[in-house]
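To start, the structure under review is shown below, and the notes come after it.
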Amino acid sequence: MSEQPLALVTGAAQRLGKAFVLALARKGYAILLHYRYSEAQASITATEIRTLDVPVYISQADLTDPKQISSLFTMVDKIKHPLKVLVNSAAVMPVGNPRTLSVKDWDAALDLNLRAPFLCAQEAANRMTNGGLIVNVTDVGAQKAWSRYPSYTVSKAALESLTKMLARAFAPSIRVNAIAPGLVLQSNLVSPEEWERLVDRLPLKRTATVEEIASALDFLLTNEYITGQTLVIDGGYSLLG
């Protein structure tokens, strides 16, 4: 088996997942790039990774389906690089009022944002026989009461709790941590006016760059005495009332 380690990043085709996977590639990891719908973006990201002269593999999977998670890790077993890093970045953010949120939207967030990281962590831990690092991507909103995104907020808060639980269960050979980004990439869920208002409220008065968020992963890779922690990278958002 090759000594070059493998990193698996879910939801790695675009946005923050892409930033994480590129950061790992720059550190020399072989890459397993997971995506669900974004095939074209996954191909573009894989091309960028290849310019860094590291192996890259691509896998499509619906992580809300436990059978497809099993298939994803069957692919891990076929890759001749030992799995050392798992980054659970794939997520969905349904909009809804707590009074009227549908069961479908509740389950969508919990299945992808919470259950999938748990199942992926189980699968990864069984393969990290010589140790490794699992990183869950949460959100600064995990500690807030975002009533417009009830299932998302609950799923991310639970993911931070799961991070602590797994860190204790998988120690000492496997470390488990989380990264909680603040405002970094605007989505179509927020209008430009609302986005500007949110940024203006920040103590640092600006959004994060994707490089600043990805640097938290670099830190967790380097400092091997950190486990069970959530690194909040939010420009001071969590200081607001």
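No lab work stands behind these numbers, since they all come straight from the coordinates. Predicted, not measured: the structure shown is a model, and the values here were computed from it. In this analysis, Cβ positions are derived from the backbone assuming ideal geometry, glycine residues included, and neighbour counts consider all displayed protein chains.
Taking the Cα centre of the range 6-232 as origin, sum charge times position over the Cβ atoms of Lys and Arg (+1) and Asp and Glu (-1), and report the length of that vector in debye to the nearest 20.
Values: 24 positive and 20 negative charges, 66 e Å.
Result for the range 6-232 is approximately 320 debye, rounded to the nearest 20.
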**Message:** Just to check I understand the Karplus step: with θ = phi - 60° and J = 6.51 cos²θ - 1.76 cosθ + 1.60, what whole-Hz values come out for the range 86-97, glycine and proline as x?
**Reply:** 10, 10, 8, 10, 4, 7, 9, 10, x, 9, x, 7
**Asked** Amide H to amide H under 5 Å from residue 208: which residues, 5+ apart in sequence or cross-chain, H placed 1.01 Å off N in plane?
**Response** 183, 184
**Request:** Just check the range 136-188 against the gyration tensor rule for me: Cα atoms, a ≥ b ≥ c as the square roots of the eigenvalues, rounded for a/c under 1.5, and otherwise prolate or oblate depending on whether a/b exceeds b/c.
**Result:** prolate
**Prompt:** Do you know the relative contact order of the chain, to the nearest whole percent, from alpha carbon pairs under 8 angstrom that are 6+ apart?
**Reply:** 18
**Prompt:** Which residues' amide hydrogens lie under 5 Å from the amide hydrogen of residue 180, considering only partners 5 or more residues apart or on another chain, with H built in the peptide plane?
**Reply:** 138, 231, 232, 233
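Taking the Cα centre of the range 1-95 as origin and charging only Cβ (+1 Lys, Arg; -1 Asp, Glu), how large is the dipole, in debye to the nearest 20? Write out the running numbers ahead of the final one.
Numbers: 10 positive and 7 negative charges, 31 e Å.
With Lys and Arg at +1 and Asp and Glu at -1, about 160 debye.
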**Prompt:** Cα centroids of the range 203-241 and the range 29-71: how far apart, whole angstrom?
**Reply:** 24
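Where in the range 1-89 are there chymotrypsin sites (Phe, Trp or Tyr not before Pro) that are in a DSSP coil and have at most 16 other Cβ atoms within 10 angstrom of their Cβ? Let's see the in-between values first.
Values: sites: 20, 29, 35, 37, 57, 73; in loops: 29, 37.
Sparse-neighbourhood loop chymotrypsin sites (Phe, Trp or Tyr not before Pro): 37.
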**Prompt:** Size of the range 36-87 along its principal axes in angstrom, Cα-based, largest extent first?
**Reply:** 33, 27, 18
**Asked** Which whole-Hz couplings ³J(HN,Hα) result when phi for each residue of the range 54-64 is put into the Karplus expression 6.51 cos²θ - 1.76 cosθ + 1.60, θ = phi - 60°, listed in order with x for Gly and Pro?
**Response** 10, x, 9, 10, 10, 9, 9, 7, 8, 6, 7
**Message:** Less than 20 Å apart at the alpha-carbon level, and either on another chain or at least 8 residues along: which aspartates and glutamates does that give for residue 205?
**Reply:** 139, 193, 194, 196, 234
**Request:** Report, ordered by chain and residue number, the lysines lying within cross-link reach of residue 84, taken as a straight Cα distance under 23 Å and ignoring same-chain residues fewer than 8 apart.
**Result:** 18, 27, 67, 164
**Neighbourhood net charge (14 Å Cβ-Cβ; Lys/Arg +1, Asp/Glu -1) for residue 234** = +2
**Message:** Could you tell me what a quarter of the Cα convex hull surface of the range 6-232 works out to, in nm² with one decimal place?
**Reply:** 12.3
**Request:** Within the range 51-87, report the trypsin sites (Lys or Arg not before Pro) that DSSP leaves as loop and that have at most 14 other Cβ atoms within 10 Å.
**Result:** 80
**Positive-pole candidate from 13, 227, 102, dipole of the range 6-232, charges at beta carbon** = 227
**Asked** Does the range 4-93 come out rounded, prolate or oblate by the C-alpha gyration tensor, with a ≥ b ≥ c the root eigenvalues, rounded set by a/c under 1.5 and, if not, prolate when a/b is larger than b/c and oblate if not?
**Response** oblate
